[in-house]
Every structure is written in structure tokens, then in C-alpha cells.
1. Contour minus end-to-end for residue 7 and residue 103, with contour as 0.36 nm per residue of separation and end-to-end as the Cα-Cα distance?
2. Which FRET efficiency, nearest 0.05, do residue 66 and residue 36 yield, Cβ-Cβ r, R0 25 Å?
3. Relative contact order for region 4-68: what percent, with Cα pairs under 8 Å and sequence separation of 6 or more?
4. Determine, for region 36-106, the count of lysine pairs separated by eight or more sequence positions (or lying on different chains) whose alpha-carbon distance falls under 21 Å.
5. Taking the Cα-to-Cβ direction at residue 27 and at residue 170 and moving 7 Å from each Cα, how far apart do the two end points lie in nm?
6. List the residues, sorted by chain then number, that are 5 or more residues from residue 53 or on another chain and whose placed amide H is less than 5 Å from its amide H.
7. Using Cα-Cα distances under 8 Å and only pairs 6 or more residues apart, what relative contact order does region 39-85 have, in percent?
8. Taking amide H positions as placed in the peptide plane 1.01 Å from N, state which residues far from residue 65 in sequence (5 or more) or on other chains have amide H under 5 Å from it.
Amino acid sequence: MSSSALRSRETSRVFWALLRSNEKTPLDISLMLRISQSAVVKHLDKLRAVGLVKRGKKVGRYQPYEVDWDRACELLLREAPIFGPMLESGTLKELADRLLSNEHFKKLVREYFTALARIVNEHGRLRALPPSLTIQGAIESFEGWLNVYASELKEDVEEPTLKDLIVALKEWRSRLPGFVSAEELAVKEALQKTGIANL
């Protein structure tokens, strides 16, 4: 399911560089990464093909590129290791539509990737860790992070789109394989305290 562009370290480096300012020309990126401008264009074309990047408004002879956040959100759901196959099977179609139409979800995705771009250096490596971070790796991490994030959300908010996001994320989380609800955990804990669970 995953595109080779999402797993490519070099293409990912170009993506992280683009994200650092959200709109750059191939020349800007080539200078930042110390690779040829033609190599940058090749990687940007791969990113355009998968839907992560689009061309911005041309200024003179310079063609800036920017992240296509709407398509990035779709790609993220489609390529996520757990959500993706469930979406493909039709199980989560309605839920995906709710997430993709939710401005708070789009903002969450944007903030996640932008934050990652700030901690990934020009070599595509996390500043705190040695391994390179590919776009696919970031997508997989996002799904895990979102699971934790969803578990900590409180539904007592008044803003309707935020409330809808919280409900949608909790619904998604409840459908994860191996998910145990808070109620189930409480019962299991209570049973363990009484010794019944060990029988």
C-alpha cells in the first residue's frame, strides 16, 4: 500500500526541508540540503504524485512548492498501518469522512508534521536519535501518537467541531484491534483486586 516515495530517506529529507518554511523553491531546498536542484525537483515530483505536495503560485521564474494539507490528511489515513486497511475494507469510511472534514483534525495533522520537521535535521535524522525518519515512519508514529492523544481527550468541550473530533477519535480508538475500553479496564482491575481474575 505504501508508496516508495514515503519510505525514501532522500524524498523524506526534501519533504522535511519544505515543511520547515511551508513554501520553498527547489533552489532554496537544494541550498539547504546541499543536493542538486534537479534532484530536489525529482523528489518534489514524487511527493506531488502521492499527493503530499503541490505547486504554489509562481513568482517570476521561481516555482515554489507547498504541502497540500487536505491531501496529506487523506494520505495519512490511507497509509496508516491500522487505520488504512480498515478504511480500505470500508469499515471506517464514514469515520474517515468525518475526520477529513474536521478542521481541528487537519490542524492536528499539520501541527504534528510541522513539529517533526523542526526536530529533523537536514540529513533527515531526528536530532535526538540516530535513525532517519521517513514520511512513512512519521505516519506510523502519528497513528500511535493519536491513539495516546485520543485516550487523554475529555469530551466536555463546547466547540462543536472540536467535540466532533474528540468523538470521532474515541470511536476510531475503540475499533483498534486489542482495544480495551476504560470500563473494561476498571472491571478487570476490580476483579484483579478481589482475586477473581486469577481463578
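Rule-based calculations on the coordinates, nothing more; no lab input. Since the structure is predicted, the reported quantities are computational estimates derived from the model, not experimental observations. Cβ: placed from backbone, ideal geometry, glycine included. Neighbour counts: every protein chain shown.
1. Details: separation 96, 0.36 × 96 = 34.56 nm, distance 2.74 nm.
Value of the extension gain: 31.8 nm.
2. Details: r = 21 Å, r/R0 = 0.85.
It comes out at approximately 0.75.
3. Working: 84 pairs, mean separation 23.4, N = 65.
Relative contact order comes out at 36 percent.
4. On the way: 42/54; 42/57; 42/58; 46/54; 46/57; 46/58; 54/106; 93/106.
Counting lysine pairs in region 36-106 gives 8.
5. 5.3 nm
6. Close amide H contacts, sequence-distant or interchain: 48, 68.
7. Details: 38 pairs, mean separation 12.6, N = 47.
Once normalised by length, the contact order is 27 percent.
8. Residues meeting the criterion, in which the H sits 1.01 Å from N, are 24, 25, 56.
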